[in-house]
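Single-structure report; data block below.
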Amino acid sequence: MRAVPLARIARPLAALTATLLLAAAAGAAGAAGAAGPADPAADAAALARLEKGLANLDSVRAEFTQDLLAADGTSTEHAAGTLYLRKPGRFRWDYSQPQQLIVCDGTILWLYDPELQQATSRRVRDTLSQTPAMLLSGEAKVRDGFTVHDGGKGGGLDWIVLVPKADDTDFREIRLGFAGELLRRMEFADKLNQRTAIELKRLERNLKLPDSLFVFVAPPGVDVIGPAAH
């Protein structure tokens, strides 16, 4: 099993952070409903849960595992670590397996690979599509960027499904799985039909997260690439 390549996942992971904000918000507002046929009322309730929770959510901390899945559901690439998110627009995916870092202060997105001794910076406005960036900043509503469905029950979890409205997103579909009011699993399929699953544990909301978590300073001797290098 291979480690997840940092450069390949940076853009989708940054966009996914906005979706995680929505998912944690849904957990704050209530779990999904029961399984069943398409139900406009249930879909509307799922959307209302997301938007209500998002309005009351300022920060998230959680431990995670991340797997790229083969067609049979087995993992072909694996990573694990701790994530932090604070509105507006700040996030940090701190990988311990393998040791890597993605951190954003709301303006600059950093990718740091200690093994390669390389840090790459990118402007958020050039990296994220409009909808995830606006969700992270708190400037947009869920309904502006996604069609939301009540996904019913499966695998012991209640599901909410998000389908992006825009064509410039990295995902075809995102599924959020809840155990009661706690977000446990996220599954997303990209436009090449590759599937990634993220399992969460020890998720905490509305903590006081210091600014220093979202600031990156390259260690001495590290090769710095991108706009922040100058």
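FRET efficiency for the pair Val163 and Arg123, taken as 1/(1 + (r/R0)^6) with r the Cβ-Cβ distance and R0 = 35 Å, rounds to 0.80. Maximal additional length on extending the Ser96-Asp144 stretch stands at 13.8 nm, based on 0.36 nm per residue less the C-alpha distance. The label point for Ala48 and the one for Asn193, both projected 7 Å from the Cα toward the Cβ, are 3.8 nm apart. Between Ala70 and Leu207, the contour length at 0.36 nm per residue exceeds the alpha carbon distance by 45.8 nm. Neighbour counting of Cβ atoms within 10 Å sorts the residues Arg86, Arg195, Arg49, fewest neighbours leading, into Arg195, Arg86, Arg49. Residue exposure proxy: His149, His78, ordered by other Cβ atoms within 10 angstrom of their Cβ from fewest to most, comes out as His78, His149. Among Ser121, Ser75, sorting on how many other beta-carbon atoms sit within 10 Å of each Cβ, with the fewest leading, yields Ser75, Ser121. Spin-label model, Asp58 to Lys153: label points 7 Å out along the Cα-to-beta-carbon direction sit 3.7 nm apart.
All of the numbers you see were taken from the coordinates with simple rules; none came from a lab. Keep in mind the model is a prediction, meaning the values are calculated, not measured. Because the Cβ atoms are built from the backbone with ideal geometry, glycine has one as well, and the counts that use them run over all protein chains shown.
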